[in-house]
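The structure under discussion appears below in the form of structure tokens.
The values are calculated or read from the model by the stated rules, or taken from the named source; none is laboratory data. Owing to the predicted nature of the structure, the values given are computational and were not obtained by experimental measurement. Cβ placement follows ideal geometry from the backbone for every residue including glycine, while neighbour counts extend to all protein chains displayed. Ligands, DNA and RNA are stripped out before the accessible areas are found, and what is left, the full protein with its side chains, is counted by its heavy atoms. Shrake-Rupley method; radii C 1.70, N 1.55, O 1.52, S 1.80 Å.
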Amino acid sequence: MVVLWVAGLALVPIASAEDGYDLWLRYRPVEQPFADRYRSALTQLVIRSESPTLQAARSELQRGLHGLLGITVAAVEGVSQDGALVVGTRRSLPFLAELKLSLPPPGSQGYAIRSATIGGHSALIVTAEDDVGVLYGVFHLLRLLQTRQSLDRLELQQTPAVQRRVLNHWDNLDRSVERGYAGQSIWDWHKLPDAIDPRYVDYARANASLGINGTVLTNVNSNAVSLRPDYLEKAAAVAGALRPYGISVFLTVRFAAPIEIGGLSTADPADPAVKQWWQKKAAEIYRLIPDFGGFLVKANSEGQPGPQDYGRSHADGANMLAAAVAPFGGVVMWRAFVYSNERPDDRAKQAYSEFKPLDGRFSDNVLLQVKNGPIDFQPREPFHPLFGAMPRTPLMLEVQITKEYLGFATHLAYLGTLYEEVLRADTYARGPGSTVAKLITGIAGVANIGSDRNWSGSHFDQANWYAFGRLAWNPAASSADIARDWVRMTFTNDATFVARVVDMMMKSRQAVVDYMTPLGLHHLMAEGHHYGPQPWFDGGKRADWTPVYFHRADAQGIGFDRSASGSNAVAQYAGPVAAQFGDLRRVPEDYLLWFHHVPWSYRMHSGRPLWDELVYRYTHGVDVVSEMRKTWDDVGPLVDAERRDQVAAFLRIQEKEAKWWRDACVAYFQSISQRPIPSGLPPPEHPLDYYKALSFPYAPGN
Ligand code: GCU
């Protein structure tokens, strides 16, 4: 909100431009009758905010209530009238102890929001054992107002189901962002540590509003320079800005750092000098950042150095680093995203083959971070077979929020449904009901955040950051409910708008699957930058970076045989899952071509032959995007012009590119299947050579 001086007479508020900067924390004025109801329920703010975290809670409340209700509630230390909003812990407000409220346990980061009577006055209490729980509770309360919920008789209690809820920034020290489509890195290393961009605090607010409690500042393809003393001071300055919001900072580690910045001749984890170098480095970091979270490590993967360079195992490497941070309470998040250059085995199998034998060999403070699927953040993958296979190793689930393989920033693809699908996937590891959600102790999301005014490159991509955080807190939450909250907070509470836009979001990811990689196809994206289709590509550095490796289309059929007659990747899953995925008649069609090489004439559930079904699915994906465009044409006018127009422009791009994907893939696969386009469906607009000739040397994010 900005205030204008009109005709020298009055201060008249006008809505400021809606450029998306405020995310879901817009706090725009509440309409009647809700405004009056909320105002009478919130007449005074009882808070004693000594800690930086409680100060953050107070300033968020004051900001929120001012924006939403136009009121300035002064902070007082005792309840003296009806409508008291009481915010604090038993330490900050000792009278809360007398109420003997049952609360989530200390250290759980949970909170409670309760209606109560205090000293004869009606009150609303936001409380927790820890300050950060209070802050989370405050954001929850504000969300109730933002989504027009009743404040009567509240009995809310929330505890996060997953302990570590972490963003992974693939941000480089030169501010480029690997697979980033939202501008530069928000971390301005050159100006740090002296200049603290106010954006860091807004970043912290947004994350705290979701309960995200950790952030890895640097790219997994890491640079040893980030561990130099001058860069550690910069990281410490960022940590200082995030700390009040309960967010601890992590750094990625380049395994060869002892050589590259330490002057040693080896990085062998068994070498005493190397161990000592890391111990000293950890001590140095913790002197600067006492609540430093620890290290995230990509080792012996895609050319990164690692313990195997010295004939040591991943466990040897991880444990050496874990020992360095253990005295300070730090952890090592060791990534399972590895596949070998030399080994000709199915790439989908390699992480399991590498790590499964190491179960039980990692130190207690090592977490193994496993991508949601066994390949690489495809529009759809079956869950990673390591989930359930490592009972003696704490696992983190890694998902991608940035849409490297789902159309970058311009395609609208709500990923809440993707995250929900993997969290609910049943591994059967401990019998039925052993969902991925139940097996993990942490969730990491590869951030889609950059220096763009709207943070995420597109307005709808903010929803993916939002859904990630909400599902990390509560993996059992429904992606549709989360979308509903997000739409209300980000755009408007108009019922028609909410219903239609949520419906569009819920269909959007399946549409991307259909127009890019239907029926279990995967990795058909262009080489390197991954922008657009290139299913014909078979050159480059290595076979398992080419689409032809993954789709295996030939005159007879299409798909990667991972059943017992093929690579037998299915055997890495627990019995019932392996039996289902491995059986051509029982495998869900969504994974058909992931696990089987299937004849073009194979009869699908629809009754159509596989070839026809494939073209039908591609076409359907495009049709859904056209419907999404129409939906936005109808309801977009209910929001501000700035965001309406950007969303509309991006949907036009998406429709054009969905058609490009469909036509290029259909033309290519038709050149192999030699079958006619099913009647009633349009032929590709151009001959295959047209699509093959397209090139995009400056596609972003590479
Ligand atoms: C993908 C992505 C890389 C990234 C890698 C990883 O392969 O394309 O840019 O480094 O995943 O997760 O390590």
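At a glance:
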| read-out | value |
| --- | --- |
| Heavy atoms of LEU288 accessible to a 1.4 Å probe, total area in Å² rounded to 10 | 70 |
| Where N is the number of residues in region 405-500, Cα Rg divided by 2.2 N^0.38 Å | 1.19 |
| Charge-dipole axis of the chain as Lys and Arg at +1 and Asp and Glu at -1 on Cβ define it, positive-most pick from LEU142, ALA123, PRO307 | ALA123 |
| Cα gyration tensor shape for region 559-618, rounded if a/c is under 1.5, else prolate or oblate | prolate |
| Residue range of the chain that is longest and free of chymotrypsin sites (Phe, Trp or Tyr not before Pro) which are both DSSP loop and sparsely packed (at most 16 other C-beta within 10 Å) | 22-697 |
| Distance cut-off 16 Å, percentage of C-alpha pairs in region 648-695 lying past it | 44 |
| Positive-end residue, region 570-702 charge dipole about Cα centroid, Cβ charges, pick of ALA699, HIS605, LEU688 | HIS605 |
| Reciprocal mean inverse distance between Cα atoms of region 231-318 - Kirkwood radius, Å | 13.9 |
| Gyration tensor (alpha-carbon) shape descriptor, region 246-405, a/c threshold 1.5 | prolate |
| For the chain, accessible area per residue (1.4 Å probe, heavy atoms of protein chains only), Å² | 37 |
| Shape of region 63-123, Cα gyration tensor, a/c cut at 1.5 | oblate |
| Calculated over region 457-518: convex hull of Cα atoms, volume per residue (Å³) | 97 |
| All-pairs alpha carbon distance profile, region 22-181, 10 Å steps from 0, percent | 10, 38, 31, 13, 6, 1 |
| Radius ratio Rg over Rh of region 249-299, counting only Cα atoms, Kirkwood formula for Rh | 0.97 |
| The chain, Rg to Rh (Cα coordinates; Rh as Kirkwood inverse mean 1/r) | 0.98 |
| Dipole of region 487-621, positive end: most advanced residue of GLY575, HIS522, THR546 [Cβ charges, Cα centre] | GLY575 |
| Along principal axes, Cα extents of region 213-280, largest first, whole Å | 40, 22, 20 |
| Share of carbon and sulfur in the accessible heavy-atom surface of the chain [1.4 Å probe, %] | 51 |
| The chain: DSSP helices with Cα axial extent of at least 27 Å and average Kyte-Doolittle hydropathy no lower than 0.0 | 495-516 |
| Dipole magnitude of region 493-555 about its Cα centre (Cβ charges: Lys, Arg +1; Asp, Glu -1), debye to nearest 20 | 80 |
| Cα centroid separation - region 39-103 against region 576-651, whole Å | 48 |
| Debye equation applied to the C-alpha atoms of region 477-593, log10 I(q)/I(0) at 0.09, 0.12, 0.13 Å⁻¹ | -0.40, -0.65, -0.72 |
| Cubic angstrom per residue, convex hull over Cα atoms of region 420-555 | 175 |
| Compactness relative to 2.2 N^0.38 Å, alpha carbon Rg of region 604-702 | 1.31 |
| Spatial separation of Cα centroids for region 292-352 and region 157-224, in angstrom | 22 |
| Over 25 Å between alpha carbons, listed pairs LYS507/LYS659; LYS541/LYS692; LYS298/LYS692; LYS100/LYS438; LYS191/LYS281 | LYS298/LYS692; LYS100/LYS438 |
| Region 349-414 - Debye-derived log10 I(q)/I(0), Cα point model, q = 0.11, 0.24, 0.28 Å⁻¹ | -0.32, -1.00, -1.22 |
| About the Cα centre, charge dipole magnitude for the chain (Lys/Arg +1, Asp/Glu -1 at Cβ), debye | 900 |
